[in-house]
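See below for the structure under consideration.
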Amino acid sequence: MNRKQRRALAKAQKSNQIRVIIIDPQLQTIEVKYVAPDLDIYYKLLKCQRICDVNIITDLAKQDCFMYADDAGRLKQNHYFTIGTITIPGIAMIVGGFKSGEDLSASIPLADVKNIVNWHGIQPSNFGI
């Protein structure tokens, strides 16, 4: 993390925000955002009504992080991406670990995430079911 990123993280922590990484396969973007660890905010970021956690079995797993994604994403046509052998339909969000009932800031470098995400087109309905 460079100096500017460290300052942004420190400012976010003072305002009770956490650093998250948003992966949007439709726009093919991966970006850092600072948000309050609040379920309603997660729904808005992921553009869904229900989320699930995704078990990331890759080098990311060594970084003390996990991912939230649209729980019903596989039931509708969506752009999707893969991380290793894991297919994720729709928008997803990486957060840090979980402690005392709260999500923590994602400490994984943005470049590491960009290196392991593979973009794909639109999946058919009921993909992977």
Discussion item. Please go through segment 21-53 and give me each residue that is without any contact (Cβ under 8 Å) to a residue 60 or more places away in the chain, in a strand (DSSP E or B) and closer than 16 Å to Asp70 by Cα, ordered by number.
Written reply: Ile51, Cys52, Asp53
Worksheet item: Take the residues of segment 2-21 that are surrounded by fewer than 18 Cβ atoms within 10 Å (Cβ to Cβ) and under 18 Å from Asn115 (Cβ atoms): which is modelled with the highest pLDDT?
Response: Asn2
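Yes or no, residue by residue, for (1) modelled with pLDDT under 85; (2) surrounded by fewer than 20 Cβ atoms within 10 Å (Cβ to Cβ); (3) of a type in the set (Val, Ile, Thr); (4) out of contact with any helix residue (DSSP H, G or I) (no Cβ under 7 Å at 6 or more places or on another chain):
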{"position": "Leu39", "(1), (2), (3), (4)": "no, yes, no, yes"}
{"position": "Leu45", "(1), (2), (3), (4)": "no, yes, no, yes"}
{"position": "Gln63", "(1), (2), (3), (4)": "yes, yes, no, yes"}
{"position": "Tyr68", "(1), (2), (3), (4)": "no, no, no, no"}
{"position": "Val95", "(1), (2), (3), (4)": "no, no, yes, yes"}
{"position": "Glu102", "(1), (2), (3), (4)": "yes, yes, no, yes"}
{"position": "Asp112", "(1), (2), (3), (4)": "no, yes, no, yes"}
Worksheet item: Taking segment 72-112, which residues are within 22 Å of Asp40 (Cβ to Cβ), among the hydrophobic types (A, V, I, L, M, F, W, C) and in a strand (DSSP E or B)?
Response: Ile88, Ala92, Met93, Ile94, Val95, Phe98
Worksheet, complete the sentence: Residue hits (segment 22-32; open to solvent by 40 Å² or more (accessible area, probe 1.4 Å) and over 10 Å from the mean Cα position of the chain (by Cα)) are Gln26, Leu27, Gln28, Thr29
Item to complete: Say whether the condition of being under 11 Å from the mean Cα position of the chain (by Cα), surrounded by 18 or more Cβ atoms within 10 Å (Cβ to Cβ) and modelled with pLDDT under 90 is met by at least one residue in segment 70-85.
Response: yes
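The values are calculated or read from the model by the stated rules, or taken from the named source; none is laboratory data. The structure presented is a predicted model; accordingly, all values stated were derived computationally and were not measured. So basically every Cβ, Gly included, is an ideal-geometry build from the backbone, and we count neighbours across all protein chains shown. Accessible surface areas use protein heavy atoms only, side chains included; no ligands, DNA or RNA. Shrake-Rupley method; radii C 1.70, N 1.55, O 1.52, S 1.80 Å.
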